[in-house]
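The values are calculated or read from the model by the stated rules, or taken from the named source; none is laboratory data. A quick note: this is a predicted structure, and the numbers were derived from the prediction, not measured. With ideal geometry, Cβ positions are generated from the backbone for all residues, glycine too; neighbour counts draw on all protein chains shown.
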């Protein structure tokens, strides 16, 4: 397999893992406070990441890498989890997950600004068409609309796209799992006290499903998914691999229907096929 092929494989594995994030968060916020959930998932992942860094004796990042790691921490460790958890108190996961369709375009824009990539004009056409498939599907469906929830999701997407691009650039020097582990470690002095301060008064009323949601977003969404995702972005290019996120909403919608029994509009198949076609087109014209 070539490096680019490995990049697409790793990127797809990352997207598949991330697809479960919003449904798992939706389950968890039914019993956990959003701030506690955000802090706890980052704390658990940070402790695991630090353990791996120390056990494998990974070198510390250079001083010049700290600002970029801070952007990653703010974007994907704190911003996206917190804002989506807050948004999911206003909208369903089936509604919020369609905003992920804007992530490929956002990530590609930051790939140009932060990563110095220059995709061909046709790439932008396919990226725009792919995002239009997602936005069109959301507008066509009967999913609810919430100004507060939608604004929270939009800001979360912008911060996440920036965090993806900065993390991918760092991954070329530090490695994929090392990048997210150092970003988590950087956020730990804030996340650990926040976890303790928002600690639930009693865990007896927390249902098993909420514990599952917390475990998933801590282990998979916050750590394991990024091992594959940042590696894929670094290997195959930020803008190109980022287009795989076009299929993430539909994976997430399928999980929402399966796990949460949420309604999914019948036009999902057509929109999914359109998004997959746009991913293929964007891949061809990414460089």
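The figures follow:
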| item | result |
| --- | --- |
| Any pair with Cβ under 6 angstrom, 6 or more apart, that starts in region 261-287 at a residue that is at positive phi and at pLDDT 70 or above and ends at one that is surrounded by fewer than 14 Cβ atoms within 10 Å (Cβ to Cβ) and part of a loop (DSSP other than H, G, I, E, B) | none |
| Checklist (1) within 30 Å of residue 275 (Cβ to Cβ); (2) buried (at least 20 other Cβ atoms within 10 Å of the Cβ) applied to residue 187, failing item | (1) |
| Qualifying residue in region 155-167 (condition: over 14 Å from the mean Cα position of the chain (by Cα) and crowded, with 17+ Cβ neighbours inside 10 Å) | no |
| Pair list, Cβ < 8 Å and 6+ apart or interchain, from region 223-242 residues that are at positive phi and in contact (Cβ under 8 Å) with a residue 24 or more places away in the chain to residues that are crowded, with 24+ Cβ neighbours inside 10 Å and part of a helix (DSSP H, G or I) | 237/111 |
| Candidates 64, 75 - the one that is in a helix (DSSP H, G or I), under 28 Å from residue 240 (Cβ atoms) and without any contact (Cβ under 8 Å) to a residue 40 or more places away in the chain | 64 |
| Qualifying residue in region 9-20 (condition: over 22 Å from residue 231 (Cβ atoms), at pLDDT below 95 and crowded, with 21+ Cβ neighbours inside 10 Å) | no |
| Single residue of 152, 219 found to be touching a residue at least 60 places away in the same chain (Cβ under 8 Å) and surrounded by 20 or more Cβ atoms within 10 Å (Cβ to Cβ) | 152 |
| 3 or more residues modelled with pLDDT under 90 and within 19 Å of residue 86 (Cβ to Cβ): qualifying helices (runs of 4 or more DSSP H) within region 131-227 | 147-174 |
| Subset of region 30-42 (residues that are surrounded by fewer than 23 Cβ atoms within 10 Å (Cβ to Cβ), in contact with a helix residue (DSSP H, G or I) (Cβ under 7 Å, 6 or more places away or on another chain) and either modelled with pLDDT of 95 or more or assigned to a loop (DSSP other than H, G, I, E, B) (or both)) | 30, 31 |
